[in-house]
Amino acid sequence: MTEMVQNLFFIGKGIVLTMQLLAGGMLIGVLLGTLLSICRHQGVACFFINRFISILRGTPLILQLSFIYFAVPVLLGMRPSILVAGIVAFGLNSSAYFAEILRSGIESLPKGQFEAALTLQIPTFYLWKDIILPQVIRNIFPAMINEMIALLKETALISTIGGMDLMRQAQTLAAQQFTYFMPLCITGFYYYSLVLLLESLGKKIEKRGHYVASH
């Protein structure tokens, strides 16, 4: 039992990096994804935005992470920390998927809203801030939670460049104990628990949003 507790604590140290990557990646993903989606809908730099999204969605995330950590330093002459490289890679990748999620949400709204805003000469900033985005976010919230869960699991890729996340902690422990079974089971327990937590929080926020919208 004592050994099990020690193993839980040892692997659990990786939660800090895992959650930092999730939070940073989500922040960049949502902000940049929203900007990309709005610019594309407004007809601003559509060609370049479409290519940017296509490349990020069409190449492996591990390749993007490796490129930022190993290849970019050759051009810039300096290497980012593992945390920074991970947040940038996961954030850029997530932004492409969030942009597509937002696009589908925007297209689901009645076109009359945009036409009415144009007729009433509502400034573009306030149109998106006060009218469009609140509706879109409420409609796509379940998809956003799914993307967050996917990102949580993808953060395990940081272990490939030496990041001491949950997965890397498990690999380190396995190398020390010469067995992979228990370390991997513990890691799976942590990831699954975090996923259940995100799902639970997502459902509560979604219900609260529907309640507020209906009153």
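The values are calculated or read from the model by the stated rules, or taken from the named source; none is laboratory data. Here the structure is a predicted model, which is why all the values come from computation and not from measurement. A quick note on method: Cβ atoms are made from the backbone with ideal geometry, for glycine too, and the neighbour counts reach across all protein chains shown.
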Give the residue, chosen from PHE9, PHE52, that is modelled with pLDDT of 95 or more, loosely packed, with under 13 Cβ neighbours inside 10 Å, among the aromatic types (Phe, Trp, Tyr) and over 16 Å from GLU154 (Cα atoms). PHE9
Of the residues ILE101, ILE87, only one is over 17 Å from THR160 (Cβ atoms) and at pLDDT 95 or above; which? ILE101
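Going residue by residue through segment 201-209, is there one that turns out to be surrounded by 16 or more Cβ atoms within 10 Å (Cβ to Cβ) and under 21 Å from SER95 (Cβ atoms)?
yes
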For GLY29, state whether it is touching a helix residue (DSSP H, G or I) at 6+ places or on another chain (Cβ under 6 Å) and closer than 30 Å to THR179 by Cβ. no
If you check PHE52, PHE67, PHE47, which single one turns out to be assigned to a helix (DSSP H, G or I), in contact (Cβ under 8 Å) with a residue 40 or more places away in the chain and out of contact with any Lys or Arg (no Cβ under 8 Å at 6 or more places or on another chain)? PHE52
